[in-house]
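See below for the structure under consideration.
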Amino acid sequence: MKSLSVSIEPASNAKPLEREEVVVLRRKDARGAITLTLNRPHAFNALSEAMLVALQHELEAIGEDESVRVVVLASEGKAFCAGHDLKEMRAKPSLEYYERLFSQCFEMMLGIQQLPVPVIARVQGVATAAGCQLVAMCDLAVAASSAKFGVSGVNLGLFCSAPGVALSRNILRKAAFEMLVTGEFISAEEAKVRGLINRVAEPEQLDAEVEKLVAAIIAKPRIAVALGKEFFYRQIELGIASAYEAAAQTMACNMMDEAALEGVQAFIDKRPANWPKHTKSP
């Protein structure tokens, strides 16, 4: 198994690092589906500095790899992610340190949105504070029926301001604010109703449900998905007139791509599309 200080890839000719040092596991299949697994189960996958660096490193590498089609963000152990590592934070009580830490977290979270491929959160357990933020920043999310979601920092006297940015862009304002000021958890079913996640599955069916989304995405042309994802988030921040103007430009560029030309022609010819092999990003 080839090992790095921040991540590992399957291999057979290297000595593994100690488990404490391995915080993100990386696996890529032949279709271009990458699974990144948070691997601090003993700490409920809290976002330590090392884990933030590891995730940022992996996201940057994925952004440069045009063979990647979709990313699944998973976790080992009972929890998906318990937020920031509070022990680590408490040990360094300095404004400069906290500003640097939260800025690093922001850059990693934004990196998920900036990837040209969809990112699916596979939530098998509790996701709280920055862990809930992580789910909200993913493009799609599938959760086990036993999973729970919360932004519970207020219970410790620390309002989840940064998680609130992502949460309020996923669910309705009053529902988001209620979670933020009460610190109460919601179930997977309630998270689905509120729009935080897409699908709920029984724990034993979680991987199968994630695979349905993975297969559906991989079946589409990468360029169309990449153009669409970039535009989707850009238009949300625009007024409606500017959004339509940007949409017209994006669709015109998309229509000039080989994949769209082939897809439309296949529809006209009443035949399956023969998607081009190129994977060029916008």
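Scanning region 104-118 for residues that are open to solvent by less than 40 Å² (accessible area, probe 1.4 Å) and either over 23 Å from residue 229 (Cβ atoms) or touching a Lys or Arg at 6+ places or on another chain (Cβ under 9 Å) (or both) yields a total of 4. Residue pairs whose Cβ atoms lie under 8 Å apart, sitting 6 or more positions apart in sequence or on different chains, and linking a residue in region 229-242 that is of a type in the set (A, V, I, L, M) to a partner that is part of a loop (DSSP other than H, G, I, E, B), are 236/169. Is it true that residue 74 is in contact with a strand residue (DSSP E or B) (Cβ under 8 Å, 6 or more places away or on another chain), closer than 21 Å to residue 206 by Cα and either open to solvent by 30 Å² or more (accessible area, probe 1.4 Å) or part of a strand (DSSP E or B) (or both)? Taking the combined requirement at face value, the residue satisfies it.
Residue 159 falls short on exactly one of the conditions (1) part of a loop (DSSP other than H, G, I, E, B); (2) closer than 23 Å to residue 76 by Cα; (3) among the aromatic types (Phe, Trp, Tyr), and that condition is (2). Of note, residue 225 satisfies the criterion of being closer than 30 Å to residue 262 by Cβ, out of contact with any strand residue (DSSP E or B) (no Cβ under 6 Å at 6 or more places or on another chain), open to solvent by 30 Å² or more (accessible area, probe 1.4 Å) and not charged (D, E, K, R). Counting the residues of region 192-210 that are buried (at least 16 other Cβ atoms within 10 Å of the Cβ) and within 21 Å of residue 113 (Cα to Cα) gives 7.
Among the residues of region 86-103, are any farther than 30 Å from residue 30 by Cβ, open to solvent by 10 Å² or more (accessible area, probe 1.4 Å), under 15 Å from the mean Cα position of the chain (by Cα) and at pLDDT below 95? Within region 86-103, not a single residue is farther than 30 Å from residue 30 by Cβ, open to solvent by 10 Å² or more (accessible area, probe 1.4 Å), under 15 Å from the mean Cα position of the chain (by Cα) and at pLDDT below 95.
The values are calculated or read from the model by the stated rules, or taken from the named source; none is laboratory data. Just so you know, these numbers come straight off a predicted model, no measurement behind them. Positions of Cβ are generated from backbone atoms using ideal geometry, with glycine treated the same way; all protein chains shown enter the neighbour counts. Just the protein is used for accessible areas: all its heavy atoms, side chains included, with ligands, DNA and RNA removed. Shrake-Rupley method; radii C 1.70, N 1.55, O 1.52, S 1.80 Å.
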